[in-house]
Every structure is written in structure tokens, then in C-alpha cells.
Protein chains: 2
Amino acid sequence: MRATLMYGTGDVRVEDVPDPVIRQPTDALVRVTASCVCGSDLWPYGSMRPEDGPARMGHEFVGIVEDVGSEVTTLAKGDLVVAPFATSDNTCEFCRAGLHTSCGHAQAGFWGGLRDGGQAEAVRVPLADGTLVKLPVPPDSALMPSLLTLSDVFGTGHHAAVAGGVDERTRVTVIGDGAVGLLAVLSARRLGAEQIVLMGRHRARTDLGREFGATDVVSARGEEGAAQVRDLTGGRGTHVVIDAVGTLAAYEQAVGAVRPGGVISRVGIPQYEEAPIGFGSLFRDNIRLTGGPAPARAYIEKLMSGILDGAVEPGKVFDATTDLDGVPAGYRDMADRKSLKVLIKP
Amino acid sequence: MRATLMYGTGDVRVEDVPDPVIRQPTDALVRVTASCVCGSDLWPYGSMRPEDGPARMGHEFVGIVEDVGSEVTTLAKGDLVVAPFATSDNTCEFCRAGLHTSCGHAQAGFWGGLRDGGQAEAVRVPLADGTLVKLPVPPDSALMPSLLTLSDVFGTGHHAAVAGGVDERTRVTVIGDGAVGLLAVLSARRLGAEQIVLMGRHRARTDLGREFGATDVVSARGEEGAAQVRDLTGGRGTHVVIDAVGTLAAYEQAVGAVRPGGVISRVGIPQYEEAPIGFGSLFRDNIRLTGGPAPARAYIEKLMSGILDGAVEPGKVFDATTDLDGVPAGYRDMADRKSLKVLIKP
């Protein structure tokens, strides 16, 4: 079969690889019908060392079950399923607590690297019963782009808002106008946020952000951007600041825009390890820090219902579609910000 | 009157200073009947530069109102009052939200430095109506040591537990066997914590910690100490880790002892600004960070009732008493860990 591999910075290739096979009795084989490129794929695309590759790519996909191992009980050949971006057994103490990304099972983990990735024709899915969720629509459903966002970006935007404690008394700043930032806006809106300030400078994206529920847009960055957020909020900043970027600059912007007693909710993968958290940044005003990889699995059923009943259309974040051959160009277009998010039909 | 001043590292003096006077109509003058030395006073005691002094010292006191400004309505001469470690108007949006340490009033702030301090014969109290709370006991009450802890250490220990979300399903680690750490143990116990691991190595203190509710004591530090906490908790770590120290080493110990999805609650003043918070420390497992200066004012009435009805005796953290002349020796004894906490009767 064909799969996407990253060999190093800016070097994405689609190559023939061995077909996946069932290895564990809890595995399923899934033929991918839709996948996509993630903003987080752009981090290695911009900095990966050749010695860390080649790495299978893609952690978001929908597909049809082709085969299942002997211990798989909830899935059968022909089922249409969506995969969250981490495998999990859905039964351990962390899964039961809704933290599937910290599942304690030895086969739990993230897609890609030495594992199969979603930007391919097929995927071996470990812990299939715990990981995959059936979709109650045909594979050619018009809802497919939105359902595909359940793999990651919708769940991640939702996690950002939930972890931040957004409710109807909350003012929210969202840093970043990528797919996750925009779906954090949508999620904050659904949770009733009183005010949602979107920080971004790409007009088509911030327009979609307004459609999703942003009440204000701030294009300035850094201290100037944070000052504009404070100006929009009586000088105080917002109760919640969602970092949907992951750079140190975004974190520092969040510190500048958050209100005393407020919370910075991070879902963009941090591209730094050390950052200011002492008296002058977080401690003085009891600023809290939360977030991490979204337990997308925990949110799929709940978020899916909003898609099925037409309440939300998170699939609007896809503004380009390609086949597998077009994946390298898809990466390039996203890195160049020509595309917001590229859907792949293998 | 006489007051305590710090001139630099290890240089604490008790000197004659001008008597305080009413300056604002919202001021009160309080004659101090009991105050104390705080673990946080030991940070400047260990590192203060002479050019930052001399600084008035002391942010915990009980006393008798001697005079009030024309706009003070809730206090009168002769009232016995306790002062939290920050002044606040108790009416602004932050105070109404229970975050008195971020009060927006221009006269809100911490004691000491260029302001009056509690380790003195008298104090000018700004925002007296908002700051001071009357004590319904005589000045010679046997409850006085416990009531004095409402100024800071009891409220701070309570804040650590509340900010961490401690409840009856929670396992807690408390790093630090100083007064705040011990009262965090007591507070976690009152909130019903299932298990409380106290990390400390001073036997008399950890024995008091056991009396306050610690179920386990770990004397090892660093990664070895964190590993012992994980061993005590099925390899997972605890849901909440309270940092009642404030060093970078204590923070790193907290990261090692916290459970995935758990929370690090800091109340020891951070002696660092930058620290690890990226993928490898907090982000990967959705570890949250909370805490800051306790809004002690917010907790006084509630915590006082437990003292008055005999349910708790936080005043047990005092193991030495002195007059003003003995304050410099009190600092030295606390720095040398000969005294846990020194009560001052001016």
C-alpha cells in the first residue's frame, strides 16, 4: 500500500510500504477513506532531523474496517469508523477518568513514527475496541469532513475550552487562527462564553472564526496584542486564554492577556520546555495553567451528536482536498498558509 | 515605637521608628498584641541585598484597634482584630470573586518594605474595613496562636488544598514540613483527602504532620523522593501535589510526584522565574498548575469557626515565643531550623 513518510525538514514523500496485517488479537485493519494534515505535522515539517526519520505521518482518519483480530468484539468488517489521535483501551483508570491520552495500556500511544499513520491507504489499529468509534452514516456522507475533525481538531478545540472551564460567565481569548484555534472558538461559543477574542491575522480564517462565534479579532501580536485584549476587557484581560499555537511567544502573549485568577489553557504542542511561571508571570495573580493532548476519544460521541443534528459544522476548517499524491504539496501549502487544513482522500 | 527592619542578608534589627498615624480616612491604627516570623521572611533573610533595605518586616498580626479614620465604619477603638497578609477593599470585582490578593484598589498590597510591618508595636492599616476581621475573644485567649495563623499560614495551607481541588477522592502529596506545609496537610485532611504524603525530614515537624493528618511521610528528596511517592500510590503519583517550599527543586519534585491529569498547587513563593512546563513535564499528561498568594482574607471567617469550636488547632505550628528584642534571634533559629515558627509578643 501507499503511505506518507517524512524524511526530514520539508521532505515528505508518498511511498509503497508493506500492507498492514493483524498482529495482536485486539487489532483491526482499517482502509482509510478520509484523512488530513494537522497543524502539528508542520512542527516536524519545519525542523525534523533526518536521523529521526523516516516517520509515518497522519493521526486523523476515518475508514472502513477490513479485518479484526480474534478478541475484537465491538467492530466488524464493513464498519465505518473514526480514530482519535491516540490509541487507548478505554477501560483503564485513566480512560475511565476521561484522560485517554494517558491510557496505561502498553499499546496505548500516538499514531505515526514507527507506527502506522493515517495519511495512508490503510492502518493497523491497536486496541481497536477501545480506540475506534463507529460512524452512523454512509462513507460518502456530506458530513464526512466534520466527522473527520472528531479525530483531533474538534476534540482538541473542545478540550481547550473545557480544560479552561469556559462557561457563560467567561471571557475567552483564543491565540491562533489555525483549525484548532477556530474550533476552540466554536467550542467556547457552544459553552456559552460571554466574549471570545480571536488573535489571528489571516483574514479568511478570522472571518471563519467570527462565523464560529468570535466577538472580537485582534491581529497584533506580543505585548501589543495582549494590550489590545486588555483594552477590550476593561483593562483586566480574559478569564481564559487558549493557546492553540504552542510557541513560547504565544505562551508569553497568553500571560499578558489573562486576567488575575484566570487560566491559560494550552493545546498547541509546546515548542519549548522552560518558560516563565514564577512570581512575575503566573504566581502573583494566581494564574492557572492547564491543557495538554486532548483525550479526543472521550469527546467523540458527545461532539458527534452536534454534527449529526446539524448544530455545528467543524468541517468548514477544510479548505482544500487532495489524493495521496498531493500530500507533499498539501504540507507545503499549509506551511505557506495557503491552505488552512488539507483533507486527503487516499 | 519599635519595629523590625531587615537591612540585608542575615541582618535583622529592632529599632525605634516614628509612631504610625492615620493618613487616609479609611485607615486604622492597630497596636500589635501578637505577630510572628514567616517562612517566607527567610527568603530575604537569606539573600537580601543592602540596596533593597531597610525593609519593615512582618505580615501576620493580631492587635487592638487604637484609632480609626473618618470613613471606617465597621471597626472601633478597642476591637481585637486579625490582619490577613494583604490589604484589600473587600468590595472590588476580584475581592467579590474571593481573590483578595489581586484587589484592584490602589492601596491594596502586601505588608512590609516601605509599608508598616507586623513585627512591630503598632501598624497603620490601609483599607481597614476591607482588611481587618474582628476576633470574638479576649486578647489573652488561649486560642490566640491559632487565630494568628489566620493571617497567613492557615489560609495559605487551606488555599493550597482548595486550589488543588482536594476532596475525599484525592490523594495528596505535600512538599515541605514548614508551617504552611503542615497546615496544608491539616487542610487536605479537613477536605477529606484519602491519602496525604508529607515530604519532609525534620522528625518533630513530620510528627506534627502525622497529628494533622498525614498518612505517610517521605524524607527522601528529588527524583528519589518522587519515586517513593509513586511507590506509595501504585506507581501513579498523587492527584494533587502541594509545593509549600518554592524552590525549583521542590517544583521538579512536584512534577515527579504528580499523577497524569493531576495538579501541582504552589503556595511557596517561587524562587525562580523559568521552569520546565513543556511536553516532557506538564503537557504530555495534562498536568495542571495552580496556586499563588492565598487570598487569606477570603478564608478568615470560615477557618476561624473551626478554631473557635475546637475542631482544629493550627497554632500548634508555633514552637517558640519571644518579645520584640528576640526577633533577630527568632529569624536565626528559624533559618537554622531550630524553631518551626516563632510567635512574637511585642
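The values are calculated or read from the model by the stated rules, or taken from the named source; none is laboratory data. Worth saying up front: this structure is predicted, and the values here are computed from it rather than measured. Counting neighbours? That spans all protein chains shown, and the Cβs are built from the backbone with ideal geometry, glycine included.
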Boolean, B:ASP333 is outside any strand (DSSP E or B) and over 19 Å from the mean Cα position of the chain (by Cα): no
Meets criteria (aliphatic (A, V, I, L, M), in contact with a His (Cβ under 9 Å, 6 or more places away or on another chain), in a helix (DSSP H, G or I) and more than 9 Å from chain B (Cβ to nearest Cβ)) for A:ALA250: no
Lone unmet requirement of (1) under 17 Å from B:VAL125 (Cβ atoms); (2) touching a residue at least 60 places away in the same chain (Cβ under 8 Å); (3) over 23 Å from the mean Cα position of the chain (by Cα) for B:ARG2: (1)
When residues of the range B:48-100 are limited to those that are in contact (Cβ under 8 Å) with a residue 40 or more places away in the chain and either of a type in the set (Lys, Arg) or not assigned by TED's automatic domain parsing to the domain that holds B:PRO20 (or both), the one farthest from B:LEU132 (Cα to Cα): B:ARG49
Residue ID - farthest from the other protein chains (Cβ to nearest Cβ), chosen from residues in the range A:268-295 that are in a loop (DSSP other than H, G, I, E, B), of a type in the set (A, V, I, L, M, F, W, C) and more than 28 Å from A:CYS38 (Cα to Cα): A:ILE287
Filtered residues of the range A:118-174 (kept if assigned to a helix (DSSP H, G or I), surrounded by 24 or more Cβ atoms within 10 Å (Cβ to Cβ) and among the polar types (S, T, N, Q)): A:THR131, A:THR149, A:SER151, A:THR156
Residue in the range A:177-198 that is surrounded by the most Cβ atoms within 10 Å (Cβ to Cβ), counting only those that are part of a loop (DSSP other than H, G, I, E, B) and among the hydrophobic types (A, V, I, L, M, F, W, C): A:ALA193
Top-ranked residue of the range B:146-200 - restricted to ones that are basic (Lys, Arg) and over 18 Å from the mean Cα position of the chain (by Cα), ranked as farthest from B:ARG236 (Cα to Cα): B:ARG169
A:ILE264 part of a loop (DSSP other than H, G, I, E, B) and within 11 Å of chain B (Cβ to nearest Cβ): no
Residue that is nearest to A:GLY46 (Cα to Cα), among those in the range A:5-19 that are part of a loop (DSSP other than H, G, I, E, B) and more than 22 Å from the chain's Cα centre (by Cα): A:VAL17
B:LYS316 being surrounded by fewer than 21 Cβ atoms within 10 Å (Cβ to Cβ) and either modelled with pLDDT under 95 or part of a helix (DSSP H, G or I) (or both): yes
Where B:TYR45 falls short, out of the listed (1) touching a residue at least 12 places away in the same chain (Cβ under 8 Å); (2) assigned to a helix (DSSP H, G or I); (3) farther than 24 Å from B:SER339 by Cα: (3)
Residue pairs meeting the criteria (Cβ under 6 Å; at least 6 apart or on separate chains; first touching a residue at least 12 places away in the same chain (Cβ under 8 Å), in the range A:203-228; second part of a loop (DSSP other than H, G, I, E, B) and of a type in the set (Lys, Arg)): A:SER219/A:ARG201
